[in-house]
Amino acid sequence: MSVETAVKAAFRGERALLSTGHSDYGLQASVRRLGERNALHMDFSAVYYSGQEMPSEEDQQVIPTLVIGWERQMSARTNMNLQGYASKSVYRSAQTDLDELLSDKFQMSLGVRHRFDCCVASFAITENLQNLNNTPDIGFQMGFAWVPRLKPQ
């Protein structure tokens, strides 16, 4: 189990379409169950979103999110993962009358991660499951991370 906090601090005030000009705060709790070749995880998070004025006015609110995932070890260095995502919409009927924007978000991702000696590469495809007009229908994620290793003495 782990608990994390995050802060997005606003330093220079509002920059239209780049920053809301307000600080946001988040808290996430994760629970993970490891097996020999499988792992399950659940992540619960809440973000205090301080709102914005442009391009449309959005109220201050807390946005809860749930992620449930399954990971399978395919080889000593390669894992496959499947995860579902659910989050409430940031929009209210005062901002829009479009049902797609008012609806909550439900997505599913399928990905693969491979560890090399010095780094990790990942790729995932995300599909919007319910409301096709409130988030991109299909998304792709590609990642690369350098993982420093301490040499044994």
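The values are calculated or read from the model by the stated rules, or taken from the named source; none is laboratory data. Here the structure is a predicted model, which is why all the values come from computation and not from measurement. Here the Cβ is made from the backbone with ideal geometry for all residues, glycine too, and neighbour counts use every protein chain on show.
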Please determine, by comparing only the residues of the stretch 36-60 that are surrounded by 14 or more Cβ atoms within 10 Å (Cβ to Cβ) and polar (S, T, N, Q), which one is modelled with the highest pLDDT.
Ser45
How many residues, within the stretch 96-126, are assigned to a strand (DSSP E or B), charged (D, E, K, R) and either modelled with pLDDT of 90 or more or over 30 Å from Asp59 (Cβ atoms) (or both)?
2
Can you find even one residue in the stretch 50-71 that is touching a strand residue (DSSP E or B) at 6+ places or on another chain (Cβ under 7 Å), in contact (Cβ under 8 Å) with a residue 40 or more places away in the chain and among the hydroxyl-bearing types (Ser, Thr, Tyr)?
no
Here the residues within the stretch 82-95 that are small (Gly, Ala, Ser) and either in a strand (DSSP E or B) or loosely packed, with under 14 Cβ neighbours inside 10 Å (or both) are Gly84, Ala86, Ser87, Ser93, Ala94
Please identify the pairs in which a residue from the stretch 112-128 that is within 14 Å of Asn81 (Cα to Cα) has its Cβ atom under 6 Å from the Cβ atom of a residue that is buried (at least 16 other Cβ atoms within 10 Å of the Cβ) and of a type outside the set (Gly, Ala, Ser), counting only partners at least 6 apart or on another chain.
Arg113/Asn79; Ser122/Arg113; Thr126/Gln107
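Quick one: is Gln73 polar (S, T, N, Q) and under 27 Å from Arg92 (Cα atoms)?
no
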Suppose the filter is assigned to a loop (DSSP other than H, G, I, E, B) and at pLDDT below 95; does Ala6 pass it?
no
